[in-house]
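First the structure, in the form of structure tokens, and then the observations on it.
The values are calculated or read from the model by the stated rules, or taken from the named source; none is laboratory data. Because the structure is a prediction, the values reported are computed rather than measured. Backbone-built Cβ (ideal geometry, glycine too); neighbour counts: all protein chains shown. Please note that ligands, DNA and RNA were not included when accessible areas were found on the heavy atoms of the full protein model with its side chains. Shrake-Rupley method; radii C 1.70, N 1.55, O 1.52, S 1.80 Å.
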Amino acid sequence: MDETKTKASLSLGGRERGERGSLLHALLERLYPPRCLLCGAPGQAGLDLCAGCLADLPRARHACPNCAAPVPAEGVVCGRCLRRPPRFDAALAAFRYDEPLVGLVTGLKFHARLAHGRLLGALLAEAVRAADVPIPDCILPVPLHPQRLRERGFNQALEIARPLARAFDRPLILHEVRRSRPTRPQMALDARARRGNVRGAFAIRPGFAPASVALVDDVMTTGSTLDELARVFRRAGVEYVSVWVAARA
Ligand SMILES: [Zn+2]
Ligand SMILES: [Zn+2]
């Protein structure tokens, strides 16, 4: 009961903010017309990206429906998923993790270019819309450990998730799931070590179990962090877990 009430008031709050937000947005757009973050040319369709740079972004021709890895043909499940299926139900990546995505993501993460997060979120929303996939009840930006959050000052996954929450009118999960222990950066580890590194790293508030959830992150590499989150949600009784990432390595 309480859950339903919280959810209803959350999404109502979102809509109210949305109306005021769109007026403000229109005003800001008039004052500061969108500029391409990659080349400085005028942006198009409200994006900080020009048509040329948008067309040049690296997209996978075909992607595994389970984990978004590139595959040779549409609908083919990749070898890794056949051997060891992920615990999430579906995954979608807007782009391949090549330039200029590497620059956009590292600019966001390590140089606090929050405009990159807005752009990546808007592009990911476009990709989700184009793929015509189910939109889950709520959206979880992959949480950072509080210590990492203090060091960085923001969570890059949240910056990407905000435009998605607005686009699909879904609440963001901000307090119900947390990192219960710090983990080493996944970058330096192989696939097996990555799984061990994140095992048991997340805690979910007891009783929090929406029917479906979308996990949002900047880049998916082996997917072990997202897989561990999916495991925790499944154990809590969540029926459908999808993964939306800006880029797939
Ligand atoms: Zn451009
Ligand atoms: Zn796969």
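Computed quantities for the displayed model
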{"read-out": "Distance cut-off 23 Å, percentage of C-alpha pairs in the chain lying past it", "value": "51 percent"}
{"read-out": "Relative contact order computed over the chain (Cα-Cα under 8 Å; 6+ residues apart), in percent", "value": "21 percent"}
{"read-out": "Residue (of CYS138, PRO100, LEU229) at the positive-pole extreme of region 59-248, dipole from beta-carbon charges", "value": "LEU229"}
{"read-out": "Karplus 3J(HN,Hα) series, Hz, for region 140-152 with 6.51 cos²θ - 1.76 cosθ + 1.60 (x for Gly, Pro)", "value": "10, x, 3, x, 8, 5, x, 5, 5, 4, 5, 5, 7"}
{"read-out": "Span-like helix ranges in the chain, DSSP H, alpha carbon extent 18 angstrom or more, Kyte mean at least -1.0", "value": "2-31, 114-131, 156-168"}
{"read-out": "Taking all pairs of distinct alpha-carbon atoms in region 150-249, Kirkwood radius in angstrom", "value": "14.4 Å"}
{"read-out": "Value of [θ]222 nm, deg cm²/dmol, for the chain, DSSP H segments ≥ 4, -39500 (n - 2.57) each, nearest 500", "value": "-14000 deg cm²/dmol"}
{"read-out": "For region 104-172, convex hull volume per residue from C-alpha positions, Å³", "value": "81 Å³"}
{"read-out": "Neighbour cut-off at most 13 other Cβ (10 Å), DSSP loop, trypsin sites (Lys or Arg not before Pro), region 114-200", "value": "ARG199"}
{"read-out": "Under Karplus coefficients 6.51, -1.76 and 1.60, residue-wise ³J(HN,Hα) of region 43-59 in Hz, glycine/proline x", "value": "x, 10, 6, x, 9, 7, 7, 8, 4, x, 5, 4, 5, 7, 5, x, 10"}
{"read-out": "Magnitude of the charge dipole, region 59-248, Cβ model with Lys/Arg +1 and Asp/Glu -1, debye to 20", "value": "720 debye"}
{"read-out": "Region 159-249 - share of DSSP beta bridges that are antiparallel (%, nearest 5)", "value": "25 percent"}
{"read-out": "Mean accessible surface per residue for region 176-249, computed with a 1.4 Å probe while every protein chain stays in place, in Å²", "value": "42 Å²"}
